[in-house]
Each structure stands twice: as structure tokens, then as C-alpha cells.
Amino acid sequence: MPFDFRRFDIYRKVPKDLTQPTYTGAIISICCCLFILFLFLSELTGFITTEIVNELYVDDPDKDSGGKIDVSLNISLPNLHCELVGLDIQDEMGRHEVGHVDNSMKIPLNNGVGCRFEGQFSINKVPGNFHVSTHSATAQPQNPDMTHVIHKLSFGDTLQVQNVHGAFNALGGADRLTSNPLASHDYILKIVPTVYEDKSGKQRYSYQYTVANKEYVAYSHTGRIIPAIWFRYDLSPITVKYTERRQPLYRFITTICAIIGGTFTVAGILDSCIFTASEAWKKIQLGKMH
């Protein structure tokens, strides 16, 4: 007797003349197909969409930076002449630079009455500060007006990613024009290293920061201290990492199979229960007639 390969068929076919279609079964089948289509489109959207996962760890992510952080500062002082405005940088490694001028620009405002300072510079990865003041001027004014507007203060690379909402420019738009002109301003920054890794594995290094500020008029035994706009910073040991991920194909296929199989199974059980109940009700009705 020849071996029949069809014995391996676990999906045995039932002749159509042995099956019975019903209106209930047709309704359940249509609803079942619509439900499967809805879930399939939902899973397909999730499969196509790039997911951004974040994690925290303790590390210095950008080890190739030479221990430096790039800073971008853009600030307007509408009541202080440009020849008086200067940027000073100092930190705990002994750096003390008065009147930093590299990669910086001063733009006169209000017919030369005010000044807009734009600067690109780097700081060491240690606690320190940089401040806008008149310390580097050849002659100190009697009453320097330190009212200001901060347009931008950012660290590291600029991340233009829609799904990442962080404090990369937390001081952007800070308006201190109504403050005491003779007051100093202290901005206390806590800088958090941030890494963004796209699907190709390319990493970009930026920094978020939180900020607290205070305004005060300082005095010493010799009289009032020259006001300044201080940005005092410290680095957090915690790094935030954002990673672009896309659902793997095998997981998408597994989910689709589960949706189709599960929906058909549940629909089959529901149809069977309704059909059985309907047949039992018919028998009861026939029994009452007899």
C-alpha cells in the first residue's frame, strides 16, 4: 500500500454539505474580520513608528570631548554699553579668564545704549561659573544696569528631535527687564549629560539642566559690589540616554498571528455557544408544542 503524504495534514477539510451556515455566524464572522483589520492596522502603525526609549546610568558619555563642554550663550542687556560688557569664566581646576573674546560677538542695541552678547565657548567638566559683567572694562561705571533677557543658554549639541522634550534651553526667554538695575543675578544650574542614539547607532551628546535663581544687591565693607549675571554650574553624575528603536519583524509577525488566531478562536467559541443555545431553545419550543 503506497504511503499517503496527506496523512500529515492537521487541517482536515470538512465537506460543505456537512456544514450549516447561519445568520448569527455571518454577523460574527463580519465583526471578527473588522476587529482583526482594526488590530492589524494598529499593530502596523506601531511597527512603522519609531519608539524612543530612555534610560539612566552613571557614566561620562562623551569621553572624546577632552573633558570639555561646549556652551552657547545669547543674552541682551538693553541698558549697558557694549564696551562695558564682558564674559568671565572660572572653575575649580584653576581656570580664571576675564573678558573672554574667542567666538563671541557684541551687537549694539537701542542706538548703542544697550548690547546683545552672543558667545560660543567651552567649560571644563568640573563645578565652576561664567558670568556677564563689567569686570573686564577698562573703567567701571558708577551704576551699571544689569537688567537683561536671556535668549539662549545651551550646552553640547543641539537636538532637533520632536519626541524628546527636555530642558535643553531652560533659561531661554528669561526676562529680567523689570528687576533692580543694580542687582546681581545668580542662576544655579544642575547640568545633566544627555545622549541621543538614532536607529543607525550614531550618538549625539547634549546636556539638559535645571535652574534656580536669585536676585540681590551685594555689599562689602568697602561699599556696594559691582553687579553681575552669574551662571554657577555643577554636573550630575547621572546620564540620560534616549535610544531610537523599532519593533523587530519577528515580534510584529508573532503579534499578528496571535491577533488572527485568538480572534477566530474566541469568535468560534461565541458562535458555537450561540448556535447550541439556539438549537436547545428550538427543542424546548418543539417540546412545548407536543
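What the table shows:
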read-out	value
Residues within the range 228-243 that are open to solvent by 40 Å² or more (accessible area, probe 1.4 Å) and touching a Ser or Thr at 6+ places or on another chain (Cβ under 9 Å), tallied	1
Residue match in the range 182-199 (condition: more than 22 Å from residue 53 (Cα to Cα), touching a Ser or Thr at 6+ places or on another chain (Cβ under 6 Å) and not in a strand (DSSP E or B))	no
The range 3-29, residues that are of a type in the set (S, T, N, Q), free of Cβ contacts under 8 Å to residues at least 60 places away in the same chain and either over 24 Å from residue 271 (Cβ atoms) or open to solvent by less than 100 Å² (accessible area, probe 1.4 Å) (or both)	19
Search result, residues across the range 112-158 that are within 16 Å of residue 207 (Cα to Cα), in contact with a Ser or Thr (Cβ under 9 Å, 6 or more places away or on another chain) and either among the basic types (Lys, Arg) or open to solvent by 10 Å² or more (accessible area, probe 1.4 Å) (or both)	120, 121, 122, 125, 152, 154, 156, 157, 158
Positions within the range 84-97 being surrounded by 15 or more Cβ atoms within 10 Å (Cβ to Cβ), more than 32 Å from the chain's Cα centre (by Cα) and outside any loop (DSSP other than H, G, I, E, B), in sequence order	84, 86, 97
Residue that is least open to solvent (accessible area, probe 1.4 Å) [pool: residues in the range 42-67 that are β-branched (Val, Ile, Thr) and part of a loop (DSSP other than H, G, I, E, B)]	50
Close pairs from the range 98-126: first assigned to a strand (DSSP E or B), partner surrounded by 14 or more Cβ atoms within 10 Å (Cβ to Cβ) and basic (Lys, Arg), Cβ under 6 Å, at least 6 apart	107/116; 109/116; 115/106; 117/106
Residue count for the range 244-270, restricted to those that are open to solvent by 50 Å² or more (accessible area, probe 1.4 Å), touching a residue at least 24 places away in the same chain (Cβ under 8 Å) and either of a type in the set (D, E, K, R) or closer than 30 Å to residue 130 by Cα (or both)	2
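The values are calculated or read from the model by the stated rules, or taken from the named source; none is laboratory data. If you're wondering where the values come from, they're calculated on a predicted model, not measured in any experiment. Don't worry about glycine lacking a Cβ; one is built from the backbone with ideal geometry, like all the others, and counts go over all protein chains shown. In case anyone asks, the SASA skips ligands and DNA or RNA and just uses the protein heavy atoms, side chains included. Shrake-Rupley method; radii C 1.70, N 1.55, O 1.52, S 1.80 Å.
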